[in-house]
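One structure is given below, encoded as structure tokens.
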Amino acid sequence: MSKVIVAMSGGVDSTMTAYLLKKQGYDVVGVSFIFYEDVSNNYLNSIKQNLEIIKISHYFVDLRKSFEELIINPFYNAYKSGITPNPCVFCNRIMKFHNLLKEADRIGADYISTGHYAIINNGMLYRGKDPLKDQSYSLYRLSLSQLKKVILPLGYYHKSEIKDMASNLGLPCAKQSESQEVCFLGGRGYHTFIKEYKEGNIINIHTNQKIGIHKGFFRYTIGQRRRIEASSQVPLYVVDIDAEKNIIYVGNRELATSDTIKVSDINWIDKKEQNFQATVKIRSTMKDQPAWVEFINQDELIIKFQEPQWAPAGGQSAVFYEGDKIIGGGIIKTQNRR
């Protein structure tokens, strides 16, 4: 019997992952990583109650120190430098899956698993069956060696099917609401995570005139309209952030779009050696769009979309698809629109 270790958060997805793998005949062990300081009793009780029903062995691992060093501090520093990070993408590779593999080696498990809605087939990563829940975008930075050890049973289901099964089993987690925010923010807006700030100017990029004051450039991202405390007869959007000079530049909607972006720090799953066509996502919630991808070098690419895309933001990820298969992806470089 093959052994699999499952990352468990106490939610319906990870709990049902463990249940389905046990039902398939695997020897299932659950592990819950403690990533940040604020671990509530509700979190601990939820895991305990679910385990009493699915009946698997389980333990905790405290990773708070490394999580702060590898995820929280870079998140903080990214916003302080004026870019918009995506901590979940990096957490999956360097924290969650990395430490799952460590634990698998330690306890002699053959595979690792999580509650992500995506499909892995022959070491390649594909979209999950549920288009509204597909999480392949957030897994694009996994290495080939990691993917070979991963089983993702939820990729073959719709979320509604998983919740129905959990309800039928009487699992307490079936009634939990969906979590969307960055985990360590605890429901707070990301801007509340950075407490110190300096006021700075808001500049109309069309006239180069000061039209208002901002209370910290890290409160803004490209394409944003909220918190632009400035008078204008037309809608204005954030189109550029100068962190060094503490300036927010705003302009019309057209300036917040782009049909060409650069990406770097490329992670390949199905590596290409020459320019190629693909569909590309620049945020997890959008539909991937047709594009032509050109090599600058092995770690930097230019993406040319057929149509202008809304608000590509430096620090976010651009992920390349070939049908349902992920080819790879990289980090969007900040664009200077001035």
Among the numbered conditions (1) of a type in the set (Ser, Thr, Tyr); (2) assigned to a loop (DSSP other than H, G, I, E, B); (3) over 29 Å from Tyr140 (Cβ atoms), tell me where Thr221 comes up short. (3)
Name the helices (runs of 4 or more DSSP H) wholly within segment 39-91 that hold at least 3 residues that are farther than 30 Å from Pro172 by Cβ and at pLDDT below 90? 73-80
Would you check which residues across segment 287-307 are within 19 Å of the chain's Cα centre (by Cα) and either crowded, with 16+ Cβ neighbours inside 10 Å or touching a residue at least 12 places away in the same chain (Cβ under 8 Å) (or both) and list them? Asp288, Gln289
What is the residue count in segment 241-265 for residues that are of a type in the set (Ser, Thr, Tyr) and over 24 Å from the mean Cα position of the chain (by Cα)? 1
Given (1) over 30 Å from Ile332 (Cβ atoms); (2) surrounded by fewer than 21 Cβ atoms within 10 Å (Cβ to Cβ), number of the condition Ala166 does not satisfy: (2)
What are the residues in segment 209-224 that are of a type outside the set (A, V, I, L, M) and farther than 20 Å from Thr334 by Cβ, if any? Gln209, Lys210, Gly212, Lys215
Which members of segment 99-116 meet the condition of being assigned to a helix (DSSP H, G or I) and touching a residue at least 12 places away in the same chain (Cβ under 8 Å)? Asn99, Leu100, Leu101, Glu103, Ala104, Ile107
So, in segment 134-161, exactly how many residues are part of a loop (DSSP other than H, G, I, E, B) and either crowded, with 22+ Cβ neighbours inside 10 Å or within 13 Å of the chain's Cα centre (by Cα) (or both)? 6
Only one of Gly123, Gly82, Gly128 that is small (Gly, Ala, Ser) and touching a Leu at 6+ places or on another chain (Cβ under 6 Å): Gly123
Could you go through segment 262-275 and let me know if any residue there is surrounded by 19 or more Cβ atoms within 10 Å (Cβ to Cβ) and either polar (S, T, N, Q) or touching a His at 6+ places or on another chain (Cβ under 7 Å) (or both). yes
Take segment 224-259 and flag every residue that is out of contact with any helix residue (DSSP H, G or I) (no Cβ under 7 Å at 6 or more places or on another chain), surrounded by fewer than 14 Cβ atoms within 10 Å (Cβ to Cβ) and part of a loop (DSSP other than H, G, I, E, B). Arg225, Arg226, Glu229, Ser231, Ser232, Gln233, Val234, Glu244, Lys245
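The values are calculated or read from the model by the stated rules, or taken from the named source; none is laboratory data. Because the structure is a prediction, the values reported are computed rather than measured. Note that each Cβ is placed from the backbone with ideal geometry, even for glycine, and that neighbours are counted across all protein chains shown.
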